[in-house]
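The values are calculated or read from the model by the stated rules, or taken from the named source; none is laboratory data. Just so it is clear, the structure is predicted and the values come from calculations on it, not from any experiment. So basically every Cβ, Gly included, is an ideal-geometry build from the backbone, and we count neighbours across all protein chains shown.
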Amino acid sequence: MCLGIPGELTEMILDDGLIKTGKMNFGGIVKEVNLSYTPEAKVGDYLIVHVGFAISIIDEKEAMKVFDYLKEIDGLELG
Amino acid sequence: MKYLDEYRDRDTVLKLVDEIHKITKQKWTIMEMCGGQTHSIIRYGIDELIPDKIRLVHGPGCPVCVTPIEMIDKALEITAQPNVIFTSFGDMLRVPGSNGDLFSVKAKGGDVRIVYSPMDAVELAKNNPENDVVFFGVGFETTAPANAMSVVAAKSQELKNFSVLISHVLVPPAIEAILQSEKNEVQGFLAAGHVCTIMGYEEYVPLCETYKVPIVVTGFEPVDLLQGILMTIKQLESGQYKVDNQYTRSVSQQGNDPAQKVLQDVFRVVPRKWRGIGEIPMSGWTLTDKYTNFDAEKKFGVIHTTADEPADCISGDILMGHKRPNECSAFGTRCTPENPFGATMVSAEGACAAYYKYHRFQTELA
Ligand code: SF4
């Protein structure tokens, strides 16, 4: 139930002060999403969405960390 | 899809599995808190890839599973009132109350509708002024901001025909109840990544310190889960117990500030009964006085009943991590997804349903 799906913010739709919404693309499926909880999200950001609300902006640098860590281990083993 | 495929990559998975095998020396029991994590673990066979020395038990983090029977009964009562449109997330429809489920009400012509988001229920209320629209507001901290926003929106639009039946539960008090149980064997936790996306992870620090357990905030994909397990085992093998964060691409220490502000405005903490477990102090949310007009329980004056699971269902022990589904005598025989005894079999995210779907019939030899 706490499922959150990553998708790309492609377009802003509404910002009336209380409610902010945008269009997002989830691997080809486009949906309108409430952005009230990620007010600083910009077009092109990847967001995690749960029951129609974006709950976080994915941090690209942090997302790479696990792969960097594994590369490091590989390096150690080869060296 | 970006941010999904790479976290399911086979080579990365195998490297992490290898690392876990290298560092695991002793026997450990770890619990993943969230039903979404349970489902991923069983679906990708993560429990079978890691060393036998690590026992994974499955926590109570499935809101559908822990919503008490009484709440379903209240929902059923509300659907019987005239002019009510009852709205809910789809996964609640098949959960049995003491006398039927929401799906059977719908089948008999009751106006029960599945919504994707609580804001859809607000729209329905706006478009159907002659009906009373009720939304079944279940969930953990992840779902609460969405549910809270529906109430804020209804208030600002002065909608008199919208209300919510709230049954919100909170993760940290459940971890504490598990750790306080005499039968507890859990030595480390994978905390639920999306719950912490909202709440941050500062509230887990005192739990780590008081009970000397590592808690690692973890995501939902195979790479996330394996890295979370690796980080937990590293702490366990070296005698550490602190909060660690695997899911840094979504979770910050302080969490989602705008969401927390709305939560503080809309909800206050109350004791809640958890299905299969019983009452846990200060483990849920209800509406604050400011939003009390949107409380469906008050609006419809529903009665308080109590009800219990069938006697041979051990879902309480499963949700507390004392037992696993295939240790239940009814599992897969008398109790199946078509004829579920307990909520852990009803919900697709329940541990019993996950074991059934992926054919985990064998209990491993002790
Ligand atoms: S298999 Fe069925 S009866 Fe057994 S614990 Fe799970 S839900 Fe309860």
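Quick notes on this structure:
- With respect to the conditions (1) outside any strand (DSSP E or B); (2) closer than 24 Å to B:Glu141 by Cα; (3) at the interface with chain B (Cβ under 7 Å from one of its Cβ atoms), A:Pro6 falls short on a single one, namely (1).
- Qualifying residue in region B:226-245 (condition: away from the ligand (no atom under 16 Å from the Cβ), closer than 25 Å to B:Gln37 by Cβ, part of a strand (DSSP E or B) and within 14 Å of chain A (Cβ to nearest Cβ)): yes
- The set of residues in region B:127-145 that are touching a helix residue (DSSP H, G or I) at 6+ places or on another chain (Cβ under 9 Å) and surrounded by fewer than 24 Cβ atoms within 10 Å (Cβ to Cβ) comprises B:Asn131, B:Asp132.
- Count - residues of region B:318-343 that are near the ligand (Cβ under 9 Å from one of its atoms), within 17 Å of B:Cys62 (Cα to Cα) and either surrounded by fewer than 17 Cβ atoms within 10 Å (Cβ to Cβ) or within 14 Å of another protein chain (Cβ to nearest Cβ) (or both): 1
- Which numbered condition A:Lys71 misses (of (1) within 29 Å of B:Leu226 (Cα to Cα); (2) modelled with pLDDT under 90; (3) part of a strand (DSSP E or B)): (3)
- Each residue in region B:282-298 was checked for being in contact with a Lys or Arg (Cβ under 9 Å, 6 or more places away or on another chain) and either within 30 Å of B:Asp312 (Cβ to Cβ) or assigned to a helix (DSSP H, G or I) (or both), and 10 pass.
- Total residues in region B:344-359 satisfying the condition of being in contact with a helix residue (DSSP H, G or I) (Cβ under 8 Å, 6 or more places away or on another chain), farther than 17 Å from B:Met31 by Cβ and more than 9 Å from the ligand (Cβ to nearest atom): the figure is 4.
- For region A:21-59, a residue qualifies if it is within 10 Å of another protein chain (Cβ to nearest Cβ), more than 18 Å from A:Leu3 (Cα to Cα) and surrounded by 12 or more Cβ atoms within 10 Å (Cβ to Cβ), and the qualifying residues are A:Thr21, A:Ser36, A:Asp59.
- Considering only residues in region B:1-11 that are in a helix (DSSP H, G or I) and surrounded by fewer than 19 Cβ atoms within 10 Å (Cβ to Cβ), the one that is nearest to the other protein chains (Cβ to nearest Cβ) turns out to be B:Glu6.
- All told, B:Glu279 falls short of being within 16 Å of the ligand (Cβ to nearest atom) and either among the acidic types (Asp, Glu) or within 14 Å of chain A (Cβ to nearest Cβ) (or both).
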